[in-house]
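Here is the structure we will look at, set down as structure tokens.
The values are calculated or read from the model by the stated rules, or taken from the named source; none is laboratory data. Predicted model only: the values in this text are computed from it and were never measured. Note that each Cβ is placed from the backbone with ideal geometry, even for glycine, and that neighbours are counted across all protein chains shown.
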Amino acid sequence: MTERIEETILRNLICNEQYYRKVVPFIKADYFQEYNEKILFEEIADFAAKYDKVPTKEVLTINLQNRGDLTEETFKDSVQGINSLSDDWVDYDWLLDSTEKWCQDRAIYLALMQSIKIADGGDKKFTKGAIPSILQDALAVSFDEHIGHDYIEQSSDRYEFYHRKEEKIPFDLEKFNFITKGGLPNKTLNIALAGTGVGKSLFMCHMAGSALSQGYNVLYITCEMAEEKIAERIDANLLNVSVKDIVDIPEVLFRSKVQEISKKTQGKLIIKEYPTASAHAGHFRALLNDLQLKKDFKPDLIFVDYLNICASVRYKGAIVNSYTYVKAIAEELRGLAVETNLPIISATQTTRAGFGNSDPDLTDTSESFGLPATADFMFALISTEELEEQGRIMVKQLKNRYNDPTASKKFMLGIDRSKMRLYDVAEDSSILNAEDEEVGETLQQFSQTQNRLSKFAEWNV
């Protein structure tokens with residue numbers, strides 16, 4: 001009688017440690033169709049994880065006897081399965097290939113079954129938008145042949161990597177270029193954290209205008225304001241006109257100014273509006289495909305205004321807590337950044353809408369605490385009455401994978417809210433020190449409370 005592949009896998013898991021260490025990260029208990037085989041795999045994996053070695057048949061039998069959740073029939077089938085495991089030799093390469101194919105087939109089958117259940121409304125935790133991601137994950141199942149970087153043998157590769165010039169989208173702000181070592185790299189998620197009305201959209205509109213002026217293609221996705229309102233803010237920035245005065249510009253002059261901008265840049269700016277909480281990374285991916293096909297447009301960077309009011313591909317907002325939901329959105333956006341090989345810039349809210357607090361209230365920011373684990377670059381924008389009077393805004397680094405975050409931990413920028421502009425200003429330590437008393441405690445609370453609240457949220461997922 002020919003041995004089933006599941007039986008071959010199980011017996012080699014306990015008699016071939018090399019095989020076990022290679023394949024066990026890729027095997028899931030759900031891949032086994034027979035319940036007793038699923039039980040055996042769980043026991044093997046649990047023992048190996050605890051003792052860092054594979055169990056013997058005797059150990060497996062004893063552990064099964066000590067379980068109180070097995071029926072007599074399941075226990076007998078499991079023990080019989082253990083006794084039937086032989087130590088017959090199997091070609092190692094064939095075994096690896098066969099195990100990989102089995103894992104792939106089972107992953108795809110289970111993903112299809114789950115997708116059908118979601119489509120029929122039988123799984124309330126996921127939306128239909130999660131189906132492509134579920135199927136993609138199943139299709140991606142593969143035994144990774146890369147076993148690590150050889151420090152000595154691959155030293156020349158490493159040296160080349162150190163001296164390779166990384167493509168970045170530069171800022172038009174000296175301080176931001178300094179702390180990011182020249183701008184935003186591809187495949188990254190960058191987040192501005194700010195209270196209501198402090199300047200999340202202003203920052204992104206300024207950056208979008210700056211990137212366009214430098215010749216880059218820009219995609220601006222808005223889930224809050226209308227396309228025309230975002231365009232109006234960028235007009236104020238690029239035309240050097242107050243937002244409230246744009247309506248008074250004669251049409252001939254307006255067209256002339258826009259024409260001047262078009263002559264100075266090779267880039268394009270596309271603004272796309274989605275209803276609040278309705279669009280997710282899947283919609284953005286489809287938009288990118290449409291823009292490529294219909295307008296031959298491929299962006300160099302993407303703005304998402306803003307993260308908290310996007311939807312998740314994987315979850316329905318009402319099903320999971322806000323921590324899990326917002327963290328999922330961030331992970332999906334970063335996945336899109338990696339997939340498209342582009343930087344994505346977004347923002348997150350630090351206070352509940354409507355409070356209008358210029359100084360972040362951390363008791364209202366629990367839904368944002370999952371973000372630092374996902375973001376590559378994260379900073380706070382902080383405004384006070386004193387700063388507003390001086391036409392300034394404070395920037396505080398919260399996370400930075402591009403540079404040492406303690407270098408220029410905080411700094412000032414000039415701000416012209418009427419023209420939606422930011423600009424560099426000379427360092428003034430006395431101002432920074434004075435503002436420390438007002439915002440320093442809040443920012444310290446952010447860093448101290450972040451881990452505590454994120455852990456709390458994870459416990460309650």
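Leu184 passes every criterion in (1) assigned by TED's automatic domain parsing to the domain that holds Val218; (2) of a type outside the set (S, T, N, Q); (3) exposed (fewer than 15 other Cβ atoms within 10 Å of the Cβ) apart from (3).
Every listed requirement among (1) part of a helix (DSSP H, G or I); (2) among the aliphatic types (A, V, I, L, M); (3) touching a strand residue (DSSP E or B) at 6+ places or on another chain (Cβ under 8 Å) is met by Leu293 save one, (3). Restricting attention to the range 375-412, the residues that are in a loop (DSSP other than H, G, I, E, B) and either buried (at least 21 other Cβ atoms within 10 Å of the Cβ) or of a type in the set (D, E, K, R) (or both) add up to 5.
The combined condition, being surrounded by fewer than 16 Cβ atoms within 10 Å (Cβ to Cβ) and in the same structural domain as Ser346 (by TED's automatic domain parsing), is fulfilled by Glu260.
Based on this model, can you work out whether Ile39 counts as modelled with pLDDT under 85 and surrounded by 19 or more Cβ atoms within 10 Å (Cβ to Cβ)? No; evaluated as a whole, the condition is false for this residue. Just one residue in the set Leu288, Leu238 is at pLDDT 90 or above, part of a helix (DSSP H, G or I), in the same structural domain as Gln349 (by TED's automatic domain parsing) and over 20 Å from Glu339 (Cα atoms); that residue is Leu238.
When the range 3-20 is limited to residues that are farther than 13 Å from Ala45 by Cα and among the β-branched types (Val, Ile, Thr), the one that is surrounded by the fewest Cβ atoms within 10 Å (Cβ to Cβ) turns out to be Ile5. Residues in the range 61-100 that are exposed (fewer than 12 other Cβ atoms within 10 Å of the Cβ) and among the charged types (D, E, K, R): Asp69, Glu72, Glu73, Asp87, Asp88, Asp91, Asp93.
The set of residues from the range 187-233 being more than 17 Å from Phe377 (Cα to Cα) and among the aliphatic types (A, V, I, L, M) comprises Val198, Leu202, Ala208, Ala211, Leu212, Val218, Leu219, Ile221, Met225, Ala226, Ile230, Ala231.
The requirement of being under 16 Å from Tyr20 (Cβ atoms) and aliphatic (A, V, I, L, M) is fulfilled somewhere in the range 96-108, by at least one residue. Only one of the listed residues (Phe161, Phe171, Phe126) is under 30 Å from Ala407 (Cβ atoms) and touching a residue at least 24 places away in the same chain (Cβ under 8 Å). That residue is Phe171.
Looking across Val252, Val198, Val218, Val243, one residue alone is crowded, with 20+ Cβ neighbours inside 10 Å and either over 16 Å from Met420 (Cβ atoms) or in contact with a helix residue (DSSP H, G or I) (Cβ under 8 Å, 6 or more places away or on another chain) (or both). It is Val218. Screening Trp94 against (1) under 16 Å from Leu13 (Cα atoms); (2) in contact with a helix residue (DSSP H, G or I) (Cβ under 9 Å, 6 or more places away or on another chain); (3) of a type outside the set (Gly, Ala, Ser) leaves a single unmet condition, (2). Taken together, Ala286, Ala279 contain a single residue that is under 26 Å from Pro372 (Cα atoms), under 23 Å from the mean Cα position of the chain (by Cα) and aliphatic (A, V, I, L, M), which is Ala279. Being surrounded by fewer than 12 Cβ atoms within 10 Å (Cβ to Cβ), outside any loop (DSSP other than H, G, I, E, B), out of contact with any Lys or Arg (no Cβ under 7 Å at 6 or more places or on another chain) and not hydroxyl-bearing (Ser, Thr, Tyr) is the requirement here; does Asp157 meet it? So Asp157 fits the description; yes. Yes or no: Leu342 modelled with pLDDT of 85 or more, of a type outside the set (Asp, Glu) and surrounded by 19 or more Cβ atoms within 10 Å (Cβ to Cβ)? Yes; evaluated as a whole, the condition is true for this residue.
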